[in-house]
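Take a look at the structure below.
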Amino acid sequence: MSALFKKSKRSMSERPNGSTNAQTTADPARSEAKNEDRDNPLAMASEAAAEHVMHDADAQGREDIAELQGLLDASRAEAAELKDRWLRLNAEFDNFRKRTAKERLELIQFAGENVLRNVIPVVDDMERAIANNDNTSDIAVVKEGFHLIHTKLLHILGSQGVKALPDAKGEPFDTDRHEAITKAPAPSGDLKGKVIDVVEQGYTLHDRVIRYAKVVVGE
């Protein structure tokens, strides 16, 4: 009886869905495919070419990144240099502007310094003449003193480019040189429209009229 209930042991090959049989049936196909790939020169060349292309692409990408980084660093350095140069130029221009404004102001304030320095001795002569006139009664001496001072003053003005306009008496009235302050009957017919008297002398500075001669015009 015990023999009837005793199950016989099956081997692994006899089991319906044993893993050993599956591996036995699947592995030969895979091995055969791998062997075929190894024996196929075209497949091996394609695989090698693909690996080479990927390697070259990675290397080219790294080179491009390095080149772009270098360009970026150079651009940053150039921008920093240009900014520093601009700041320096702006500071120099600001200093130049301030210095020029100061020099212009000083030029306006002290433009007549040289002339005044030369005129001051004439003032000294006038003071000495006034002091001497108190102690003299000779009119000729007084007149001579005034004449000398006048001559000295005209010489100083001439050295600065100041000259008196020519005597306008008897000359036609010229609006570029004369200023008519009044009109008076002409002593003769040929003096109508001409200068018959000069009230104040006119002057030029380097041939430019700086004061018109004040005249009386005949009518």
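Would you say G145 is touching a Lys or Arg at 6+ places or on another chain (Cβ under 9 Å) and assigned by TED's automatic domain parsing to the domain that holds N118? The answer is yes for G145.
Within the range 180-198, being farther than 20 Å from L157 by Cβ and not in a loop (DSSP other than H, G, I, E, B) holds for A180, I181, T182, K183, A184, G189, D190, L191, K194, V195, I196, D197.
When we screen A140, A129 for residues that are of a type outside the set (D, E, K, R) and either within 24 Å of G202 (Cα to Cα) or surrounded by 12 or more Cβ atoms within 10 Å (Cβ to Cβ) (or both), the only hit is A129.
Of the listed requirements (1) at pLDDT below 90; (2) surrounded by 10 or more Cβ atoms within 10 Å (Cβ to Cβ); (3) among the aliphatic types (A, V, I, L, M), I108 misses just one: (2).
Applying the criterion of being part of a loop (DSSP other than H, G, I, E, B) and either of a type in the set (D, E, K, R) or touching a residue at least 60 places away in the same chain (Cβ under 8 Å) (or both) to the residues of the range 149-173, the residue that is surrounded by the most Cβ atoms within 10 Å (Cβ to Cβ) is E171.
The single condition among (1) surrounded by 11 or more Cβ atoms within 10 Å (Cβ to Cβ); (2) in a loop (DSSP other than H, G, I, E, B); (3) not hydroxyl-bearing (S, T, Y) that D176 does not satisfy is (1). Residues that are within 54 Å of the chain's Cα centre (by Cα) and surrounded by 13 or more Cβ atoms within 10 Å (Cβ to Cβ) within the range 182-200 comprise just one, V198.
The values are calculated or read from the model by the stated rules, or taken from the named source; none is laboratory data. All values derive from a computational prediction rather than experimental measurement. Note that we place each Cβ from the backbone using ideal geometry, even for glycine, and neighbour counts take in every protein chain shown.
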